[in-house]
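The values are calculated or read from the model by the stated rules, or taken from the named source; none is laboratory data. Computed from a predicted structure; not experimentally measured. Counting neighbours? That spans all protein chains shown, and the Cβs are built from the backbone with ideal geometry, glycine included.
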């Protein structure tokens, strides 16, 4: 019986979010959800940050500082 109550509550929240037009409140809801789900806040990169990152990546490639797909798969097995 408790599960049905949670489902009803979720649907109620979804309905409220659909009609919500206040960006400030919406961001607060997003922050609460991200924290409760242990999701990090997403950071937007500026154009200059993206250019710096791509130049650093290209330099790594030129210097041979890269991993093959197989290497990455082996490394990820240890995570």
Quiz item: Condition test on residue 42, is it outside the structural domain of residue 10 (by TED's automatic domain parsing), touching a helix residue (DSSP H, G or I) at 6+ places or on another chain (Cβ under 9 Å) and under 30 Å from residue 10 (Cα atoms)?
Solution: yes
Quiz prompt | Near pairs, Cβ below 9 angstrom, 6+ apart or cross-chain, from the stretch 7-19 (under 16 Å from residue 32 (Cβ atoms)) to any residue that is modelled with pLDDT of 95 or more | solution = none
